[in-house]
Amino acid sequence: MNQSDSMKLDEYLFNFTDNNTEKLKERFFELLILYSLNKNLNLSIQLEDLLNTTINFLKDSLKIDEFCFMLLDNNRKVLKLWTADKATFEVAKDVTFNIGEGISGIVVQTGEPIMIQDVSKDSRFLYYKSKLTNIGSFLSIPLKLSDNRIIGVLNIHKKEINAFKTDDRIFFSIIAQNLANAIERARLYEKVQKEAMHDDLTGLFTRRYFFENCYREFSESVRFGKTFSIIIADIDHFKYFNDAYGHPAGDAILKELASILRTNVRHSDIVCRYGGEEFAILLSNTGKDGAAFTADKLRTLVETNLAEINKSKYIGKITITAGVATYPDDGNTVDEIISKADKFLYIGKVRGRNTVVNSAPIDSAPVDTTPVASTPVDSTTVDTNVVSENILLQDIAQH
């Protein structure tokens, strides 16, 4: 080998080593990015956290400014925008694609990524139905789960043409699969959480969720000197309706009542199915008078609307009785407030039902709901304003 050939070989080896070193550096950087992504995704259980994690990852780690995620709807027929960079979301938030329509629809249909280095030369590209025209290069990756089900697409677009590297298709496919699994995991988590929070029949919050919010509200009220109220309401003569018309009719009444309660309180109020035919409502930052007003409004709406709804079913008038208790007026703990609301509810039952009670009669002794043997009551010695313990207990047994 002469000196000239030796120099050429040295130059070739230097270039080869240098080029491969850069490639190794690039691959190492990509692995580091993927590791960081997976670590953050595993910490994102809820969809909102996942959304923020994903946006920050694309912008900060990958320096991608224009992107969007489109997910299939519940019927798995239409792609809808889930999240995107701010500019894209503002103009394309209402854009949808059917399966097979546009590049995104084709990617969902085939399950294969599509990279276009110059969108002006590809008639399949629809510029988000003419909403985004300033796009030169486009990459659409299927959001594919581990079992190969596709839930949507990740789209990345750039203003320049020929802006993608050949390896980007593989690299972003790996990212998209990790994101797809994280999205599905977060969806399942929120579904389980929602089912645990909501009553199957009425769709209202569960008793457990109600208590959690009561304790949270109590802590804030103690800390900031606020007040809150609790309403406990019960359907009058509900056992009669179930016995007379059957449980399906009783279930229908429960659902209709739940709808009335839910749609006629503030968004911040917590309405729950407390148990059986009992309902409870947590009214944050609400005093005794305001809570009593709300309870009576709901009582009137139930009496009016449920009678109209059930007119064709020949069901008699349906009413509720409610007890209202307020912190700190009626107790110093959540349990005390709920206990007092319960007590006021049963006073209302004894008074004749279809009423709201938020205080005990001034001249009556505290109501004791501990079961005792029934004894005859001498009507000549009972003040009409005093709630007799025995009458109360007999009435409770029948309500």
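The values are calculated or read from the model by the stated rules, or taken from the named source; none is laboratory data. This one's a predicted model, so the numbers in the text were calculated from it and none came from an experiment. Please note: Cβ atoms are built from the backbone with ideal geometry, for glycine as well, and neighbour counts cover all protein chains shown. Accessible surface areas use protein heavy atoms only, side chains included; no ligands, DNA or RNA. Shrake-Rupley method; radii C 1.70, N 1.55, O 1.52, S 1.80 Å.
General remarks:
- Cβ-based net charge around THR294, under 14 Å, with every Lys or Arg adding one and every Asp or Glu removing one: +2
- Per atom type, the range 41-188 shows carbon and sulfur on 47% of its accessible surface, probed at 1.4 Å.
- By definition, a body whose alpha carbon gyration tensor gives a ≥ b ≥ c is oblate when a/c is 1.5 or more and a/b is not larger than b/c, and the range 126-188 fits this oblate description.
- Linear extension gain, ARG124 paired with THR333, 0.36 nm per residue minus alpha-carbon span: 68.8 nm
- Violating pairs (Cα-Cα greater than 31 angstrom) within the set LYS191/LYS255; LYS86/LYS121; LYS63/LYS131; LYS93/LYS255: LYS93/LYS255
- Electrostatic bookkeeping for ILE232 treats Lys and Arg as +1 and Asp and Glu as -1; over the other residues with beta carbon under 9 Å from its beta carbon, the sum is -3.
- Rolling a 1.4 Å probe over the heavy atoms of the protein chains gives the range 111-254 an accessible area of 51 Å² per residue.
- The range 198-213 - phi-based ³J(HN,Hα) in whole Hz, Karplus 6.51/-1.76/1.60, Gly and Pro as x: 10, 6, 4, 6, 9, x, 6, 5, 7, 4, 4, 5, 4, 5, 4, 6
- For the range 224-238, 3J(HN,Hα) computed residue by residue from phi via the Karplus equation (6.51, -1.76, 1.60; θ = phi - 60°) reads 10, x, 8, 10, 8, 10, 10, 10, 10, 10, 9, 6, 5, 6, 5 Hz, glycine and proline entered as x.
- Prolate/oblate/rounded label for the range 263-306 (Cα gyration tensor, a/c 1.5): oblate
- Carbon plus sulfur fraction of accessible area for the range 223-282, probe 1.4 Å, in percent: 54
- Overall form of the range 195-278: prolate. Here a/c, set by the Cα gyration tensor axes a ≥ b ≥ c, is 1.5 or more, and a/b is the larger of a/b and b/c.
- GLU112 paired with GLU90, simple spin-label distance in nm, labels 7 Å along Cα-to-beta-carbon: 3.8
- Each Lys or Arg adds one and each Asp or Glu takes one away; over the other residues whose Cβ falls under 13 Å from the Cβ of LYS340, this sums to -3.
- The simple spin-label model puts a point 7 Å past each Cα toward its Cβ; for THR166 and SER219 those points are separated by 5.7 nm.
- Rounded to the nearest whole Hz, the Karplus-based 3J(HN,Hα) values (6.51 cos²θ - 1.76 cosθ + 1.60, θ = phi - 60°) of the range 281-298 follow the sequence 10, 9, 10, 6, 6, 10, x, 4, 5, x, 5, 5, 4, 4, 4, 6, 4, 5, with x at glycine and proline.
- Ranked by the mean number of other Cβ atoms within 10 Å of their residues, highest first, the peptides 146-155, 247-256 come out as 146-155, 247-256.
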